[in-house]
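Here's the structure, in structure tokens; my notes come after.
The values are calculated or read from the model by the stated rules, or taken from the named source; none is laboratory data. Since we're looking at a predicted model, the values are computed, not measured. Methodologically, a virtual Cβ is constructed for each residue, glycine included, from the backbone with ideal geometry; neighbour enumeration extends over all protein chains shown. Surface areas here come from the heavy atoms of the whole protein model, side chains and all, with no ligands, DNA or RNA. Shrake-Rupley method; radii C 1.70, N 1.55, O 1.52, S 1.80 Å.
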Amino acid sequence: MNELAGASLRALPQVHRLLELGQGHELTAHPHNAVVAALRQALEEARTALRRGEAGPVLPGALLDRAHALLRAGQGPSLGRVVNATGIVLHTNLGRAPLAPAAAAAAMAAAGYCNLEFDMAAGERGSRTAGIEPLLRALTGAEAGLAVNNCAAAVLLALSGLAAGGEVVVSRGELVEIGGGFRIPDVIQQGGARLVEVGTTNKTRLDDYARAVTPATRVLLKVHQSNFRMTGFTEETPLRELAGLARERGLLLVHDLGSGALTGLRLGGRPPEVTVQDSIAAGVDAVAFSGDKLLGGPQSGLLAGRAAAIDILRRHPLLRALRLDKLTLAALEATLRLHRDGGTVPALAMMNQAPAALQARADRLAALLGPHARPEPTTGFAGGGTLPDAGIPSMGVGLRVDGPERVKAALRDGSPPVIARVADGRVLLDMLTVGDDEVPEVAAAVQRALAA
Ligand SMILES: *Cc1c(COP(=O)(O)O)cnc(C)c1O
């Protein structure tokens, strides 16, 4: 740090001096505590800049303006709507599944007082998942169901309730990390059980499981590989065979299915996803799956299975820490109703759009944008760690502009923010995840970003 910077640091006004100088400044319309905090932050920024030898606001007027800008920026809610032009339907960073209007409305309707734990017929205390359970049973064919905070919580609860103090047998090919540090071996340990690995990375046969069973074994665990795909010389043991072994040896079979498809989604020529119904029909004791992946609902984790197993989990003390709040429960119930009644679940509808609809949307956006914008084929994805290698043929609009990264950042900075990607030197707006009603907004956002 040079002498000049040192002198400037000492010359920075103190907060109380800035407050005096700021009398009458627009800043003072904000609550006093917030003004003081913003002035402190503006001063701290100025000190950091001076120490680094950079230019920054140091004069009182500039510091007051900077504090005012900080206050205004901090005023809006930090969580807000964005336009998803990435082509990734279940984008974990963008809130995974967009809720159906009926699900959002159900959450709104439960926002005030609601019968969360109140049995309306009896006029006494009821169960908070009473609305979800019959739907889960009807949709999956299971004897019982339960809902918790997310699929990670569902797996933790299942292992804590069904395997604690004993051994859990898992294939070496399924000791996966799902993302965000959710690793199967860690969850087993956290559930108070001991992991017994069987088979090899690429092949695990029924006999491998059978030979690993000891008097301490409680659970056979099957994990969906979700976010990666093994090809070539591979073999996994079918659920049905594992269920047979579990029955024979008096063990429980737990299935971490993850994505939670209720319909046999077939994307990119792959075999259809294993559904929750398949898992139940194969004879698992409990299957865990996410509410906000292929189910298309709010963040939640569902458990379905035999009544004997689910009832143990329903009484487990951990359930209290993992339970859902009223807004999520309302949205989840509404989403399950849509599945039951054949209604539109937005995430699934996006994955199954007709090519002509995608083409028309891309053409419309490109026409609004002019000559530097061109419709082009793209590849979208289900996302959320589901179907990692199954691209969804889509259409996008490519913007051939100078400084594509700058334009992408300007789009993110707009209102509403538009989240795009840059590939091969162009900005790409994928129409798979953009609604027809969002096209004019995206066009206006692009015009503003190009002018910025
Ligand atoms: C995604 C996934 C999870 C975690 O689900 P969350 O709902 O995000 O907690 C767990 N297991 C598998 C197999 C998954 O695919």
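Grab the beta carbon distance between Leu116 and Ala212, set R0 = 56 Å, and tell me the FRET efficiency rounded to 0.05.
Working: r = 43 Å, r/R0 = 0.78.
The computed FRET efficiency comes out at 0.80.
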Angle check, please: helix 60-73 long axis (alpha carbons) against the longest principal axis of the chain (alpha carbons), in degrees 0 to 90, nearest 10.
30
Cα-only Rg/Rh for region 1-47 with Kirkwood Rh rounds to 1.06
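Across every pair of different alpha-carbon atoms, what Kirkwood hydrodynamic radius in Å does region 68-221 reach? Please report the intermediate quantities before stating the final value.
Numbers: mean 1/r = 0.0501 Å⁻¹.
Kirkwood hydrodynamic radius for region 68-221: 19.9 Å.
Just to be sure I follow: if Rg is taken over the C-alpha atoms of region 28-150 and Rh is the Kirkwood radius over the same atoms, what is Rg/Rh?
On the way: Rg = 24.8 Å, Rh = 20.2 Å.
With Rg and the Kirkwood Rh in hand, the quotient comes to 1.23.
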What does the helix-only formula give at 222 nm for the chain: each DSSP H stretch with n ≥ 4 adding -39500 (n - 2.57), the total divided by the residues, and the result rounded to the nearest 500 deg cm²/dmol?
-12000 deg cm²/dmol
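Once you charge only the Cβ atoms, +1 for Lys and Arg and -1 for Asp and Glu, what is the size of the charge dipole of the chain about its Cα centre, to the nearest 20 debye? Display every interim value, and only then the final one.
Details: 46 positive and 44 negative charges, 83 e Å.
With only Lys, Arg, Asp and Glu charged at Cβ, the dipole is about 400 debye.
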Which percent of Cα-Cα pairs in region 392-448 sits in each 5 Å bin, short to long?
4, 20, 33, 27, 13, 3
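How much of the accessible area of the chain, probe 1.4 Å, is carbon plus sulfur, in whole percent? Working shown, then result.
Numbers: 11450 of 21350 Å².
C and S fraction of accessible area: 54 percent.
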Nearest 10 degrees, 0 to 90: what angle lies between the long axis of helix 355-369 and the longest principal axis of the chain (Cα atoms)?
0
Per residue value of the accessible surface for the chain (all protein chains in place, 1.4 Å probe), Å²
47
Please figure out what share of the DSSP beta bridges in region 208-316 is antiparallel and state it in percent, rounded to the nearest 5.
35
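Cα-Cα pairs above 32 Å in the chain: how many percent? Intermediate results must be reported in sequence, preceding the final value.
On the way: 54436 of 101926 pairs.
Of all Cα-Cα pairs in the chain, 53 percent lie more than 32 Å apart.
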Give the range of the longest stretch in the chain that excludes all chymotrypsin sites (Phe, Trp or Tyr not before Pro) found in loop regions by DSSP and having at most 11 other beta-carbon atoms within 10 Å.
234-452
Mind pulling up the Rg/Rh value for region 216-333? Radius of gyration and Kirkwood radius, both on Cα.
0.99
The simple spin-label model distance between Arg374 and Glu124, using points 7 Å out along Cα→Cβ, in nm, is 7.3
Spherically averaged projected area in nm², based on the convex hull that wraps the Cα atoms of region 131-246:
8.0
About the Cα centre, and with charges only on the beta carbon of Lys, Arg (+1) and Asp, Glu (-1), how big is the dipole of region 309-452? Nearest 20 debye, please.
460
Quick one: the Cα spread of region 174-223 along its three principal axes, in angstroms, biggest first?
33, 26, 12
For the chain, find the longest principal axis of its Cα atoms and tell me its angle to the long axis of helix 326-341, 0 to 90°, nearest 10.
60
